[in-house]
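Q: First the structure, which I've put down as structure tokens, then a few questions once you've had a look.
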Amino acid sequence: MKKLKHLTLLTVFTILTVSCSSDDDNSGFNNDKSITVGESAYEMKSALVEHAPNSVFLSLTNKAGSELEAGLNGTTLNDLDFFSVTITSAFLTETTYDLSDMAYLNFSTEGDLIGAELENETTQFYLGDGTSDLRIVDGSITITSYTEDFISLNFNFTRNDDTEITGTYEGNFMFISNGLE
């Protein structure tokens, strides 16, 4: 699992450093790009969509391209918030995906990127077995718009401790095709 998280983070950060332009804006909070867990809100600044055989990886992070580039070049990157979901579909479409359509779901906050490895993160929620209060027990992700460079999505989840989670992202994203299309 740690290896999958490491590979996903490395892929995200590599694409973001190549794809983000100098117009990254680090000022203000954007409600069109946020995740709320109970009373806590987290801004998301970057998105990535990657197609793989029979699945789509969707990731959101609170860091802009210039910050991620510094992290990949050896600077320790602190306070990294990272949302990741694997949807079991060959292609992402404008529809609603419920938990049965997700092979992986995780949101971690306040992590440190040290040597391209995520450490010291706090898990806010995850999809999986067990009885942990952090486990997601209900919810879905809805893709409302999806074009070659723009995505609009929202999600609602409920943790095992009845904490409500909402998220929204409207904006450009980086796309990795892996030669599948």
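Q: I'm checking my understanding of the structure. Among residues of the range 97-130 that are among the polar types (S, T, N, Q) and within 17 Å of the chain's Cα centre (by Cα), which one is farthest from Ser40 (Cα to Cα)? Spell out the reasoning first.
A: To start, the set of residues in the range 97-130 that are among the polar types (S, T, N, Q) comprises 100, 106, 108-109, 120, 122-124.
Retained after the next criterion (residues that are within 17 Å of the chain's Cα centre (by Cα)): 106, 108-109, 122-124.
Details: Asn106: 16, Ser108: 13, Thr109: 11, Thr122: 13, Thr123: 13, Gln124: 10 Å.
Result: Asn106.
Q: Write out, first by first residue and then by second, each pair whose Cβ atoms fall under 8 Å of each other, whose residues are 6+ apart or on separate chains, and whose first residue, in the range 131-160, is of a type in the set (Asp, Glu) while the second is surrounded by 16 or more Cβ atoms within 10 Å (Cβ to Cβ).
A: Asp133/Arg159; Asp133/Thr163; Asp138/Phe157; Glu148/Phe175; Asp149/Phe173; Asp149/Phe175
Q: Quick test for you: out of Ala64, Ala47, pick the one residue that is aliphatic (A, V, I, L, M) and surrounded by fewer than 20 Cβ atoms within 10 Å (Cβ to Cβ).
A: Working: Ala47 fails: surrounded by fewer than 20 Cβ atoms within 10 Å (Cβ to Cβ).
Only one candidate passes the filter, namely Ala64.
Q: OK, next. Could you run through the range 130-144 and say how many residues are assigned to a strand (DSSP E or B) and within 13 Å of Leu105 (Cβ to Cβ)?
A: Narrowing the range 130-144 to residues assigned to a strand (DSSP E or B): 135-144.
Still in the list and also within 13 Å of Leu105 (Cβ to Cβ): 135-141.
Count: 7.
Q: Now for a separate question. Against the condition without any contact (Cβ under 8 Å) to a residue 60 or more places away in the chain, outside any strand (DSSP E or B) and within 19 Å of Asp149 (Cβ to Cβ), how does Thr93 come out, does it pass?
A: Details: without any contact (Cβ under 8 Å) to a residue 60 or more places away in the chain: yes; outside any strand (DSSP E or B): yes; within 19 Å of Asp149 (Cβ to Cβ): yes.
The answer is yes for Thr93.
Q: Also, I was wondering about something else. Tell me whether the range 122-129 contains one or more residues that are of a type in the set (A, V, I, L, M) and not in a loop (DSSP other than H, G, I, E, B). Before you say what the answer is, go through the steps one by one.
A: Here is the first cut: in the range 122-129, the residues of a type in the set (A, V, I, L, M) are 127.
With the extra rule that they be not in a loop (DSSP other than H, G, I, E, B), the set shrinks to none.
Checked against the condition, which is being of a type in the set (A, V, I, L, M) and not in a loop (DSSP other than H, G, I, E, B), the range 122-129 yields no hits at all.
Q: With (1) part of a strand (DSSP E or B); (2) at positive phi; (3) free of Cβ contacts under 8 Å to residues at least 40 places away in the same chain as the list, and Gly111 as the residue in question, which single condition is left unmet?
A: (2)
Q: Here is a follow-up. Please state which one of Asp79, Asp101 is within 17 Å of Val37 (Cβ to Cβ), in contact (Cβ under 8 Å) with a residue 12 or more places away in the chain, surrounded by fewer than 20 Cβ atoms within 10 Å (Cβ to Cβ) and of a type outside the set (Lys, Arg). I'd like the intermediate steps shown before the answer.
A: Working: Asp101 fails: within 17 Å of Val37 (Cβ to Cβ).
One residue alone meets the criteria, Asp79.
Q: Would you mention how many residues in the range 125-146 are at pLDDT 95 or above, out of contact with any helix residue (DSSP H, G or I) (no Cβ under 9 Å at 6 or more places or on another chain) and β-branched (Val, Ile, Thr)?
A: Of the residues in the range 125-146, 3 are at pLDDT 95 or above, out of contact with any helix residue (DSSP H, G or I) (no Cβ under 9 Å at 6 or more places or on another chain) and β-branched (Val, Ile, Thr).
Q: Looking at Glu148, Glu164, Glu94, which one is surrounded by fewer than 18 Cβ atoms within 10 Å (Cβ to Cβ) and either more than 20 Å from Ala47 (Cβ to Cβ) or hydrophobic (A, V, I, L, M, F, W, C) (or both)?
A: On the way: Glu148 fails: either more than 20 Å from Ala47 (Cβ to Cβ) or hydrophobic (A, V, I, L, M, F, W, C) (or both); Glu94 fails: either more than 20 Å from Ala47 (Cβ to Cβ) or hydrophobic (A, V, I, L, M, F, W, C) (or both).
Every option except Glu164 fails the conditions.
The values are calculated or read from the model by the stated rules, or taken from the named source; none is laboratory data. Computed from a prediction, not measured in an experiment: that's the story for all the values here. Cβ sites come from the backbone with ideal geometry, for glycine too, and all protein chains shown count toward neighbours.
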